[in-house]
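Below is one structure, written out as structure tokens; the observations come after it.
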Amino acid sequence: MFAPAAVAAPATPVAPEAPRAVAAAPDIPVANVKAHLAQLQSIATANGGNRAHGRTGYKASIDYVKGKLDAAGFTTALKTFTYNGSTGYNLIADWPGGDTSHVVMAGAHLDSVTGGPGINDNGSGSAGILETALAVSRAGLQPTKHLRFGWWGAEEYGMVGSKNYVNSLPAAERSKIDTYLNFDMIGSPNPGYFTYRYDSALDALFRDYFAGIGISTEQDFEGDGRSDHAPFQDAGIRVGGLFSGADYTKTAAQAAKWGGTAGQAFDRCYHSSCDTSANINDTALDRMTDAIAYAVWALSAGTTTPPTGTVFETTTDVQIPDYGAAVTSDLAVTGRTGNAPAALQVAVDIKHTYRGDLVVDLVAPNGTTFRLKNSSGNDSAANVQATYTVDASAVPANGTWKLKVQDIARQDTGYVDSWKLTF
């Protein structure tokens with residue numbers, strides 16, 4: 001996972017489809033996933049201790065994955081790019097069949113940092129989607145939509161490989177990708193269970209899966225815009241994904257819910273030499289990989305579509321004072337019955353010269369506050385253009401909702417352009 005954040009962009013809806021019968025996703029053997037991780041560890045060990053962009057360990061890693069996919073009947077293509085004077089590689093694998101005008105894509109970055117073998121970050125996501133792809137082959141899956149998998153290079157330098165892939169696609173090809181799912185770190189040793197909540201339908205898909213095995217998920221803030229979903233989202237493609245945590249600290253409440261150790265990072269070996277094959281929680285890896293398969297099977301069958309609903313929007317500009325008090329933009333909601341939904345969508349468009357200065361909250365009519373965005377000194381991009389999902393089922397729907405924004409540092413200016421709620 002890469003440290004600086006990127007701007008999140010609103011998801012683009014796709015047309016609803018008729019329900020159809022869906023074959024059950026298989027259980028993915030965690031032993032198979034761990035066997036791939038063992039191979040990646042061996043590759044790193046034999047190549048200077050890492051699998052970083054421009055190093056021999058990365059090319060050996062992508063050759064390993066390609067060989068598995070070629071043998072399983074995928075159509076694979078190595079896409080090259082240049083960064084820092086070195087050749088980089090993306091691997092794209094297409095499963096034959098399905099409607100190629102409606103593509104479901106799952107991806108993960110395959111490179112490590114130079115300082116370690118990168119087995120959790122991100123051998124785990126890479127191995128998880130690899131074994132899911134091999135399960136597609138074993139099942140002889142015949143999806144309604146076209147299935148595509150991607151392994152990205154040079155993510156640790158700022159999503160270079162995935163940006164290159166998305167930017168190199170003609171607009172007509174980009175428009176065919178209905179969904180992109182990203183899996184960056186899914187086996188953290190002190191794990192959390194986080195979902196990307198940019199798209200409420202995709203979030204609900206993963207939340208429903210985990211609820212079915214008795215696990216409550218939380219919204220991912222740590223990885224917001226920091227991995228390979230960002231280039232797809234910036235291109236208007238709806239995105240989802242899973243994350244088990246990096247160097248943020250697990251709280252007591254999270255430890256009570258998920259187990260593990262409170263007051264300790266989700267991954268103490270994040271971007272370090274100790275991110276080896278010993279740095280994996282097998283239970284988390286197993287659950288996360290099964291969730292990947294669940295999503296791939298459901299989405300490729302065409303059963304999950306973006307939500308529709310009543311939209312309330314304000315386009316009244318509200319200036320945000322530089323390094324000043326919080327300001328609010330009011331939005332009146334009327335005509336609803338009972339409480340707000342569990343997947344309330346909050347689409348925000350804030351024009352600002354340095355989004356890292358901003359703290360953004362949604363305030364419900366009864367005063368309940370939902371944090372949408374934290375400030376970050378590493379988040380140097382401009383503007384906040386994102387759709388968030390909050391569980392507002394405990395608060396009344398009708399009344400005045402407020403978007404509260406505060407600029408906590410000096411020298412940058414902006415304003416709330418517009419925002420809307422979708423019920």
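Identify, please: which residue in the range 265-298 is outside any helix (DSSP H, G or I) and hydroxyl-bearing (Ser, Thr, Tyr) and is, among those, most open to solvent (accessible area, probe 1.4 Å)? Spell out the reasoning first.
Here is the first cut: in the range 265-298, the ones outside any helix (DSSP H, G or I) are 265-281.
Remaining after also requiring hydroxyl-bearing (Ser, Thr, Tyr): 270, 272-273, 276-277.
Numbers: Tyr270: 27, Ser272: 40, Ser273: 85, Thr276: 39, Ser277: 54 Å².
Here the residue is Ser273.
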Inset, instruction - Restrict the check to the range 385-402 and report whether at least one residue is within 18 Å of Ile320 (Cβ to Cβ), under 20 Å from the mean Cα position of the chain (by Cα) and open to solvent by 20 Å² or more (accessible area, probe 1.4 Å). - result: yes
Inset, instruction - Confirm whether Asn90 is crowded, with 23+ Cβ neighbours inside 10 Å, in a loop (DSSP other than H, G, I, E, B) and within 26 Å of the chain's Cα centre (by Cα). - result: no
Legend entry - the range 405-423, subset buried (at least 17 other Cβ atoms within 10 Å of the Cβ) and among the charged types (D, E, K, R), residue nearest to Phe206 (Cα to Cα): Lys420
Inset, instruction - Scan the range 358-384 residue by residue and report those that are open to solvent by less than 10 Å² (accessible area, probe 1.4 Å), closer than 27 Å to Arg410 by Cβ and in a loop (DSSP other than H, G, I, E, B). - result: Asp379
Legend entry - Checking Asp208 against (1) among the acidic types (Asp, Glu); (2) in contact (Cβ under 8 Å) with a residue 60 or more places away in the chain; (3) not in a loop (DSSP other than H, G, I, E, B), the condition it does not meet: (2)
Legend entry - Conditions (1) touching a strand residue (DSSP E or B) at 6+ places or on another chain (Cβ under 8 Å); (2) open to solvent by less than 10 Å² (accessible area, probe 1.4 Å); (3) over 30 Å from Ser273 (Cβ atoms); number of the one not met by His109: (3)
Legend entry - Residue satisfying all of: in the range 112-139; open to solvent by 10 Å² or more (accessible area, probe 1.4 Å) and part of a helix (DSSP H, G or I); nearest to Ser227 (Cα to Cα) among these: Leu134
Inset, instruction - For Arg355, state whether it is open to solvent by 50 Å² or more (accessible area, probe 1.4 Å) and either of a type in the set (Lys, Arg) or at pLDDT 95 or above (or both). - result: no
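Among the residues in the range 145-167, are any in a loop (DSSP other than H, G, I, E, B), at pLDDT 95 or above and open to solvent by 20 Å² or more (accessible area, probe 1.4 Å)? Spell out the reasoning first.
Keep residues of the range 145-167 that are in a loop (DSSP other than H, G, I, E, B), which gives 153-154, 158-159.
Okay, now just the ones that are also at pLDDT 95 or above, so 153-154, 158-159.
The next check asks that each one be open to solvent by 20 Å² or more (accessible area, probe 1.4 Å); those that pass are none.
No.
The values are calculated or read from the model by the stated rules, or taken from the named source; none is laboratory data. All figures in this text were calculated on a predicted structure; none of them were measured in a lab. As a convention, Cβ positions derive from the backbone with ideal geometry for all residues, glycine included, and neighbour counts pool all protein chains shown. We work out accessible area using only protein heavy atoms, side chains counted, and drop any ligands, DNA or RNA first. Shrake-Rupley method; radii C 1.70, N 1.55, O 1.52, S 1.80 Å.
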